[in-house]
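This report refers to the structure that appears directly beneath it.
The values are calculated or read from the model by the stated rules, or taken from the named source; none is laboratory data. This one's a predicted model, so the numbers in the text were calculated from it and none came from an experiment. All Cβ positions, even for glycine, are placed from backbone atoms using ideal geometry, and neighbour counts span all protein chains on display. Ligands, DNA and RNA are stripped out before the accessible areas are found, and what is left, the full protein with its side chains, is counted by its heavy atoms. Shrake-Rupley method; radii C 1.70, N 1.55, O 1.52, S 1.80 Å.
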Amino acid sequence: MWGSDSALNCAATHVSRRGHHGGSSHVLVSASTVRWQWHCHGHEWADFAPGHAVSIEGAFNAHVATLHLNISPPGWSASNTPLTQGAAQYTIDLNQMLQMNTTSGFQRRIRRASADATEAWSWKDDRGAWQPYEVHACGQLSAALRAGWSGTVLHAGKSAYHVDFHRLEQLNTQTGKRRPVARQVGAHVSAAGLPQTHSNALHACVGHGAHSSPVLGLPVAFGAAPVGLSVGSAASLFVERFCAEEPIDLARATGWRVLLPSEWGGDERVDAISLEALGEGGQLVVRLPCSDPSGSCIFNVSTLEQSLGRSGKCPACGHAYPVRGPQPSGCMRASVHPRPCAGHEASSSIELTYAFATGVQRSQHPSEGRPYAAVERRCVYPNDAVGGAAVMLLRLAFRRGLAFRIGDSATTGKSGVVVWAIHQKSRRDGGTTRHGWPDGTYLTRLKHELVLAGIAVETVEAITERAHRAATSGNLEREIASDVEMAQ
Ligand SMILES: [Zn+2]
């Protein structure tokens, strides 16, 4: 039965048993030797072919949530076999660590199986003792953290465990049981995954917020620098990551001034938003540098932490500040594709892929503590002055946390899901009514939306102008790939 899932049977020579490959390693393994496996039955896992492992590893390292594979049965070469005869189509879901046969819908668990951890990882058992994760699990955890994932799913037995890097917590997705997780940087990882030295640092990183911990540094991949992509043939322009977990520095974002009691007029003055006395509970009182000439934008810090954290605007006069919006953590990727958009036939197109991993809502989201599901969205823009300006503006909106939010879906009616916060284009054709191209006024409307969302009108105009100049001189792709906030 070629093409069915049973063609990938467990008699393949790649089958391994868990624990047989626990080689000691403290060295990063190159992408071409990283192993990925799919679950057969019981404790048996089979290796993906090396070429597929490279594709999966490339997507995992690029923080791409899903990819599609054509997998030929053993003995068939993909190069001389028409896909319709020999191969089955699979969707790989790197959020859930599952592969799905797109014809039958049959799902299998997958895992990364390389002993290349750069840190020691442990979980706390019911007696309070730290238990090391198995070496391959450590390798997957380290690789996921490096690539900028906010967590990853580990399969063990019949259970799936979601390890959250920011909460340093493991969640059994079937039972809901949560356990603390520790990550020890710089420890030598032995074959069993046990750190050889059990330093205080291992314990110090549990029970604190991720960012107060001295041993949980942010992974390198959280920066905005483009990373190499090995998936598909499209030319990558940039990868932009957004982390909703980093604390917001409101003082820096607003340039507020802390007032002395004599400056706010003593105990009788009230915070106009919270209706508490200014300085209530000994907290700081600050004045925002809004354009309001009366200088009345004076608040308790706690008022601004709530309102500015959610809207980015002064709660009294509505002045906008470059404060991060309520977008969940995610990744935005831009790449060039040859197929043009309708009405822009002279140019290729730019595809934007947005990926949001499963997560838990935070204080800036509507229902703190409630989980939300992973989402991936694909949008497309013409590779010309209009589309280039849109892509650069959308990148800034994504970086500021304004492009998506958690809310109610207008199409499905579900609540607590990742939804659009800015109108985007999901089709190359179909026109305005189908969220596609052509659309002669899209850029104008997008600029208006971004100004309403709190991006300064001068910034919006400057970026649009940069895109037009670059398109005229033939440097548009280089301009889009450069930092959108670089000096004008
Ligand atoms: Zn104000």
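For Arg310, the conditions (1) away from the ligand (no atom under 12 Å from the Cβ); (2) under 29 Å from the mean Cα position of the chain (by Cα); (3) open to solvent by less than 10 Å² (accessible area, probe 1.4 Å) all hold with the exception of (3). Listed here are the strands (runs of 3 or more DSSP E) enclosed by segment 373-488 that have at least 1 residues being in contact (Cβ under 8 Å) with a residue 60 or more places away in the chain and basic (Lys, Arg): 404-407.
Condition test on Ala385, is it over 19 Å from the mean Cα position of the chain (by Cα) and farther than 24 Å from Ala462 by Cα? No, not satisfied. Within the set Val336, Val323, the sole residue that is of a type in the set (Val, Ile, Thr), buried (at least 16 other Cβ atoms within 10 Å of the Cβ) and at pLDDT 90 or above turns out to be Val336.
Screening Pro366 with (1) under 25 Å from the mean Cα position of the chain (by Cα); (2) of a type outside the set (A, V, I, L, M, F, W, C); (3) closer than 24 Å to Trp264 by Cβ gives one miss only, at (3). Answer yes or no: is there a residue in segment 390-405 that is more than 25 Å from Ser236 (Cβ to Cβ) and not small (Gly, Ala, Ser). Within segment 390-405, one or more residues are more than 25 Å from Ser236 (Cβ to Cβ) and not small (Gly, Ala, Ser). Candidates in segment 143-201 are the residues that are at pLDDT below 80 and assigned to a helix (DSSP H, G or I); of these, the one that is most open to solvent (accessible area, probe 1.4 Å) is Asn200. The sole residue among Arg324, Arg339, Arg333 that is among the basic types (Lys, Arg) and in a strand (DSSP E or B) is Arg333.
Taking Ser114 as meeting all but one of (1) modelled with pLDDT under 85; (2) open to solvent by less than 40 Å² (accessible area, probe 1.4 Å), write down the number of the exception. It is condition (1) that Ser114 fails.
Conditions (1) open to solvent by 20 Å² or more (accessible area, probe 1.4 Å); (2) outside the structural domain of Gly474 (by TED's automatic domain parsing); (3) at pLDDT 95 or above, marked per residue:
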{"site": "Val380", "(1), (2), (3)": "no, no, yes"}
{"site": "Asp384", "(1), (2), (3)": "yes, no, yes"}
{"site": "Gly387", "(1), (2), (3)": "no, no, yes"}
{"site": "Leu393", "(1), (2), (3)": "no, no, yes"}
{"site": "Ala410", "(1), (2), (3)": "yes, no, no"}
{"site": "Lys425", "(1), (2), (3)": "no, no, yes"}
{"site": "Arg428", "(1), (2), (3)": "yes, no, yes"}
{"site": "Thr432", "(1), (2), (3)": "yes, no, no"}
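Scanning segment 435-478 for residues that are closer than 24 Å to Ala235 by Cα and of a type in the set (Val, Ile, Thr) yields Ile463, Thr464, Thr472. Could you grab me the full set of residues in segment 248-264 that are loosely packed, with under 11 Cβ neighbours inside 10 Å and under 24 Å from Arg324 (Cα atoms)? Within segment 248-264, Asp249, Arg252, Gly255 meet the criteria.
The single condition among (1) away from the ligand (no atom under 11 Å from the Cβ); (2) out of contact with any strand residue (DSSP E or B) (no Cβ under 7 Å at 6 or more places or on another chain) that Leu284 does not meet is (2). Scanning segment 155-184 for residues that are under 17 Å from Tyr372 (Cα atoms) and touching a Cys at 6+ places or on another chain (Cβ under 9 Å) turns up just one, His166.
Filtering segment 287-307 down to residues that are in a loop (DSSP other than H, G, I, E, B) and open to solvent by 40 Å² or more (accessible area, probe 1.4 Å), which residue is nearest to the ligand (Cβ to nearest atom)? So the residue we want is Asp292. Output the residues belonging to segment 117-142 that are under 19 Å from Trp45 (Cβ atoms), open to solvent by 10 Å² or more (accessible area, probe 1.4 Å) and of a type in the set (Gly, Ala, Ser). Ala137 - this is the single residue of segment 117-142 that is under 19 Å from Trp45 (Cβ atoms), open to solvent by 10 Å² or more (accessible area, probe 1.4 Å) and of a type in the set (Gly, Ala, Ser).
For Arg109, the conditions (1) modelled with pLDDT of 85 or more; (2) open to solvent by less than 10 Å² (accessible area, probe 1.4 Å) are fulfilled apart from (2). For segment 246-273, residues that are touching a Lys or Arg at 6+ places or on another chain (Cβ under 7 Å) and modelled with pLDDT of 75 or more total 3. All conditions but one from (1) over 21 Å from the mean Cα position of the chain (by Cα); (2) modelled with pLDDT of 95 or more apply to Ile350; the one that does not is (1). When segment 313-335 is filtered for residues that are touching a His at 6+ places or on another chain (Cβ under 8 Å) and within 15 Å of the ligand (Cβ to nearest atom), only Lys313 remains.
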